[in-house]
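The values are calculated or read from the model by the stated rules, or taken from the named source; none is laboratory data. Not measured: the values here are computed from a predicted model. Using ideal geometry, Cβ is built from the backbone for each residue, glycine included, and neighbour counts are taken over all protein chains shown. To get the accessible areas, we keep the full protein, side chains included, count just its heavy atoms, and leave off ligands, DNA and RNA. Shrake-Rupley method; radii C 1.70, N 1.55, O 1.52, S 1.80 Å.
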Amino acid sequence: MTPTVSATAISGDVGSGETSAVDVVDAALQRVATLDLNAFLSVRTEAAQTEAAEVDRRVAEGESLALAGVPIAVKDNIALKDGPTTCGSRLLEPYVSPYDATVVTRLKAAGAVVVGKTNLDEFAMGSSTENSAYGPTCNPHDRDRVAGGSSGGSAAAVAAGAVPVALGSSTGGSVRQPAAFCGVVGIKPTYGRVSRYGLVAFGSSFDQIGTLATSVEDAAQLLEVVAGSDPSDATTRPEPVGELAAGIDDWEPRGARIGWPKEYFAAGLDSKIRRACETALERLAAGGAEIVEVSLPHSDYGIAAYYIVAIAEASSNLARYDGVRYGFRAPADDLQSMYFRTRAAFGAEVKRRIMLGTYVLSAGYYEAFYSKGTAVRARIRSDFDAAWEQVDALLAPTTPTPAFRIGAKIEDPLEMYLNDIYTVSANLAGVPAISIPYGAIDGLPIGVQLMGPPLSERRLFEVARFLERDVGSGSSP
Ligand code: GLN
């Protein structure tokens, strides 16, 4: 794997004229072209070169850009003007986006250059990128294993050194889980912290765009650029974003209260991942943090609640792919068969969710399933609210195991869903959560997760940076 220069370093060098955005972007395009992981669904060679030249021109004119010349990969469910946004689906294969997502507009304004769009589970539904209509993404640490999902392409692209940073999206864990499997940093911010305008909807009350990077600082810097309120997305939070990266190195654990939710350390957790979490807690304690055992009593119901409420929302959101308004339209003699044939082009997992989601919303079953799901969700939220009265942040595993083999779980949806056991709760509660690489099992990366109260992204970056420094020093884990 090629070591990548950090986004922060690139931006500094391009900003000072030490190097040009054109050279940096050309080098990234070459790495992308030789990458053999099925991480990219499309590459923007010419557009990226033109945009890089434009960045060099702006720098020469004295503009100061937060991400000057930084090559970035964007998950292919985020709209980029005049290019494809397939969502990993045949349904959107012919679709060309007429506009940029707000995050893309902000990236361009900050001088970042999108080099390509990355692979994902179809409509972001999955935990392995195997549900992509374009084939699975391979894990750069072991090509026979999954990169995680649904932002598997973004995580693999960063882990393999093709780009220093990438954007993903999370509805139930799709940034943290692939980040953990590929050994990179990934954050799902507070619900509403980043605009969803131009992000293809899956579960609208969960969806959130997140950042992936090789370092905590880069993940923070990128989030700082894309976060913030947006008149085009009424669910965005009005609070100012503030500085998320500058000075995070100065944080010390003394006086901080870090909780470990006991329900996350129960049966089913790989003993080495448990050990990595314990080591992280020990380091924080050695630095002066108070470590507190916390209970999130409704954690066991997280998967069930998530896979009811999220698919209900998905079945409604995906009704728009009818062959009339967007993308693919199957040839047919009459309207009814056109609908049928068009929607038959969804993959198996998406069909399963549309059917189950429609079922849980239907008269007679709504109370038994959807209402129960939302009631459980409210309890999970209250569990977190109670936790924040005791602690500043929670530390837990990101996944129960390291990356599994391609094909190992694809025939068993429930097995696949259970993989999200530690990530769905932060999405149900709308709180921010980050995964950072913390050691390895037989060469496969392990992720440790930090969760915090709404809008505590900066604190999460500080704690994550402390642990990252510790890993970097070679003293642990
Ligand atoms: N793995 C979860 C699912 O399949 C989460 C996906 C996501 O966060 N987009 O729904």
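When each of Y339, Y321 is tested for being away from the ligand (no atom under 16 Å from the Cβ) and buried (at least 18 other Cβ atoms within 10 Å of the Cβ), the lone residue that passes is Y321.
Of all residues in the stretch 177-199, those satisfying the criterion of being more than 11 Å from the ligand (Cβ to nearest atom), under 22 Å from T137 (Cα atoms) and either open to solvent by 10 Å² or more (accessible area, probe 1.4 Å) or not in a strand (DSSP E or B) (or both) are A179, A180, F181, C182, G183, V184.
Counting just the residues of the stretch 200-212 that are touching a residue at least 60 places away in the same chain (Cβ under 8 Å) and part of a strand (DSSP E or B), which one comes out nearest to the ligand (Cβ to nearest atom)? Among those that are touching a residue at least 60 places away in the same chain (Cβ under 8 Å) and part of a strand (DSSP E or B), it is Q208.
The residues of the stretch 406-431 that are part of a loop (DSSP other than H, G, I, E, B), more than 12 Å from the ligand (Cβ to nearest atom) and in contact with a Lys or Arg (Cβ under 8 Å, 6 or more places away or on another chain), listed by number, are I406, G430. Could you please let me know if S128 is in contact with a strand residue (DSSP E or B) (Cβ under 9 Å, 6 or more places away or on another chain), closer than 11 Å to F181 by Cα and polar (S, T, N, Q)? Here the answer is yes, as S128 does meet what is asked. Just one residue in the set T129, T118, T102 is more than 16 Å from the ligand (Cβ to nearest atom), crowded, with 24+ Cβ neighbours inside 10 Å and within 17 Å of the chain's Cα centre (by Cα); that residue is T102. Contact list please: Cβ distance under 8 Å, first residue in the stretch 266-293 and at positive phi and at pLDDT below 95, second residue outside any helix (DSSP H, G or I) and among the hydrophobic types (A, V, I, L, M, F, W, C), pairs at least six apart or on different chains. Matching pairs, first to second residue: G268/I421. When V158, V194, V184 are checked against the criterion of being under 21 Å from L428 (Cβ atoms) and under 15 Å from the mean Cα position of the chain (by Cα), V194 stands alone in meeting it. Among the residues of this structure, A147 counts as one that is open to solvent by less than 10 Å² (accessible area, probe 1.4 Å), within 14 Å of the ligand (Cβ to nearest atom) and closer than 22 Å to V200 by Cα.
Scanning the stretch 150-166 for residues being away from the ligand (no atom under 13 Å from the Cβ) and either in contact with a Cys (Cβ under 6 Å, 6 or more places away or on another chain) or hydrophobic (A, V, I, L, M, F, W, C) (or both) gives a total of 9. Scanning the stretch 356-378 turns up no residue that is outside any helix (DSSP H, G or I), at pLDDT 95 or above, in contact with a helix residue (DSSP H, G or I) (Cβ under 7 Å, 6 or more places away or on another chain) and open to solvent by less than 50 Å² (accessible area, probe 1.4 Å).
The listed residues are E349, E278, E313, and the only one of them that is surrounded by fewer than 20 Cβ atoms within 10 Å (Cβ to Cβ), within 16 Å of the ligand (Cβ to nearest atom) and either more than 28 Å from the chain's Cα centre (by Cα) or acidic (D, E) (or both) turns out to be E349. Just one residue in the set A73, A79, A53, A109 is open to solvent by 40 Å² or more (accessible area, probe 1.4 Å) and under 20 Å from A227 (Cβ atoms); that residue is A109. Set side by side, the residues S232, S205 differ, and just one is modelled with pLDDT of 95 or more, exposed (fewer than 15 other Cβ atoms within 10 Å of the Cβ) and either in contact with a His (Cβ under 9 Å, 6 or more places away or on another chain) or closer than 30 Å to A378 by Cβ (or both), which is S232. Condition test on A156, is it surrounded by fewer than 24 Cβ atoms within 10 Å (Cβ to Cβ) and of a type outside the set (S, T, Y)? Here the answer is no, as A156 does not meet what is asked. Only residues that are open to solvent by 20 Å² or more (accessible area, probe 1.4 Å), on the phi < 0 side of the Ramachandran plot and assigned to a loop (DSSP other than H, G, I, E, B): list them for the stretch 324-336, please. Scanning the stretch 324-336 gives V324, R325, Y326, F328, R329, P331, A332, D333, D334.
So, L395, is that one buried (at least 18 other Cβ atoms within 10 Å of the Cβ) and in a strand (DSSP E or B) or not? Considered against the rule, which asks whether it is buried (at least 18 other Cβ atoms within 10 Å of the Cβ) and in a strand (DSSP E or B), L395 comes out as yes. Whether any residue in the stretch 432-449 is polar (S, T, N, Q), surrounded by 20 or more Cβ atoms within 10 Å (Cβ to Cβ), within 16 Å of the ligand (Cβ to nearest atom) and assigned to a helix (DSSP H, G or I) is what I want to check. No, the stretch 432-449 contains no residue that is polar (S, T, N, Q), surrounded by 20 or more Cβ atoms within 10 Å (Cβ to Cβ), within 16 Å of the ligand (Cβ to nearest atom) and assigned to a helix (DSSP H, G or I).
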